[in-house]
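For reference, the structure discussed in these notes is given below.
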Amino acid sequence: FFYLIMARSTRLLCWAAVSRTAEGSASAPTVGLGFMARRPEPSPLSVLDPEPEPASGSLAVVSKLREIARTQVDLNGDGVLERQELVDYALLMKDAERDRHTTAEVQRWDRNGDGVVELSELFGKLSKQDPSERVKKAMKLVEERFRVADEDRSQYLNADEMHIFLHPELSPAALNLEAGLQLNHLNANGDAGVDIDELAAAYIGDPTFDEEYHRYEFRIHDVDHDGLLGLEEMRELVAGHRYTDYTIAEMVTALDENKDGRITLAEFDSDHNVLVSSPAMEDWLYFSSHDEL
């Protein structure tokens, strides 16, 4: 079955499949299929599981970041990291991870090998195995997402449409649908938006939950500072663009000693504490762990 998973929200939104037991029965899906939902263990998409990183502050981390900055970000070789170069690299990393994920999931769910994915292939025998209202509700939400991704109304998803189904932030229609679904699911008290506690509730049982990081992320997206994430703010949260821009701007501000709006390689290497604590740099380490990037 499917739910939306975020391999830490610094990284990438993607749909993933709930793990199955040895007998083939599906584990219970998360009711709201929320992007903050706790991942089942073990994760069926190990390709998205963060790989072990060197200890914070170690020379290995700094050396790796320096290498990425010099060889993959500073493409014109002028010794300066422009903000746009930093943004372009972040987008490149995410695009590569999306492509990798979509390729794996099409292979996983194209059960008859015809190169496309039908709704029946996504559901399999789940509805017969577990006819509960919980599963019926989850299946209905998947149908809505399938319908939006099926742009040519063919009743199946080709590789491009499956890419949108798995990554709704790539399509305005899919993004609007996803933001609305998440708002409805997370807004437990039915007021004007999702507050910080309602957002945190989606992490219940997740051993990776970090309250400080959670508050940091909420603050970034609560643009009007009313303590709630409305529909547009939820849309930004699902899309991930605001987070990328904010964390890069924050890092540039911290390292830009002469305040010219960009970072020289010397400035980049001037404060190791900033480097190893920056969410943007965590992304560099995460995505660069894959050989394809």
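Here are some notes:
- Hits in segment 158-174 - residues which are surrounded by 20 or more Cβ atoms within 10 Å (Cβ to Cβ) and part of a helix (DSSP H, G or I): GLU161, MET162, HIS163, ILE164, PHE165, LEU166, PRO168, GLU169, ALA174
- Selected residue [surrounded by 15 or more Cβ atoms within 10 Å (Cβ to Cβ) and over 23 Å from the mean Cα position of the chain (by Cα)] from GLY193, GLY124: GLY124
- Positions within segment 208-221 being closer than 21 Å to GLU169 by Cα and of a type outside the set (A, V, I, L, M, F, W, C), in sequence order: HIS214, GLU217, ARG219, HIS221
- Segment 181-202: number of residues that are in contact with a helix residue (DSSP H, G or I) (Cβ under 7 Å, 6 or more places away or on another chain), of a type outside the set (S, T, N, Q) and not in a loop (DSSP other than H, G, I, E, B): 8
- For segment 220-236, the set of residues classified as farther than 19 Å from GLY190 by Cα, outside any loop (DSSP other than H, G, I, E, B) and not acidic (Asp, Glu) consists of ILE220, HIS221, listed by residue number.
- When residues of segment 237-291 are limited to those that are assigned to a helix (DSSP H, G or I) and of a type in the set (Ser, Thr, Tyr), the one surrounded by the fewest Cβ atoms within 10 Å (Cβ to Cβ): THR253
- Scanning segment 127-157 for residues that are modelled with pLDDT of 95 or more, open to solvent by less than 50 Å² (accessible area, probe 1.4 Å) and assigned to a loop (DSSP other than H, G, I, E, B), we see that the one that is farthest from LEU237 (Cα to Cα) is SER154.
- Evaluating ARG215 against the criteria (1) open to solvent by 50 Å² or more (accessible area, probe 1.4 Å); (2) closer than 25 Å to SER278 by Cα; (3) modelled with pLDDT under 90 leaves one unmet condition, (3).
- Unmet criterion (only one of (1) more than 21 Å from the chain's Cα centre (by Cα); (2) in contact (Cβ under 8 Å) with a residue 12 or more places away in the chain) for ILE248: (1)
- Taking the conditions (1) without any contact (Cβ under 8 Å) to a residue 40 or more places away in the chain; (2) over 29 Å from SER171 (Cβ atoms); (3) over 19 Å from the mean Cα position of the chain (by Cα); (4) open to solvent by 80 Å² or more (accessible area, probe 1.4 Å) in turn, ASP224 satisfies each one other than (2).
- Taking every residue in segment 264-293 that is farther than 23 Å from TYR213 by Cα and pairing it with any residue that is modelled with pLDDT under 85, at least 6 positions away or on another chain, the pairs with Cβ-Cβ distances below 7 Å are LEU293/PHE287.
- Given (1) without any contact (Cβ under 8 Å) to a residue 40 or more places away in the chain; (2) more than 25 Å from GLY230 (Cβ to Cβ), number of the condition ALA201 does not satisfy: (2)
The values are calculated or read from the model by the stated rules, or taken from the named source; none is laboratory data. If you're wondering where the values come from, they're calculated on a predicted model, not measured in any experiment. Glycine also receives a Cβ, built like all others from the backbone with ideal geometry; neighbour counts cover every protein chain displayed. All accessible areas refer to the heavy atoms of the entire protein, side chains included, with ligands and DNA or RNA removed. Shrake-Rupley method; radii C 1.70, N 1.55, O 1.52, S 1.80 Å.
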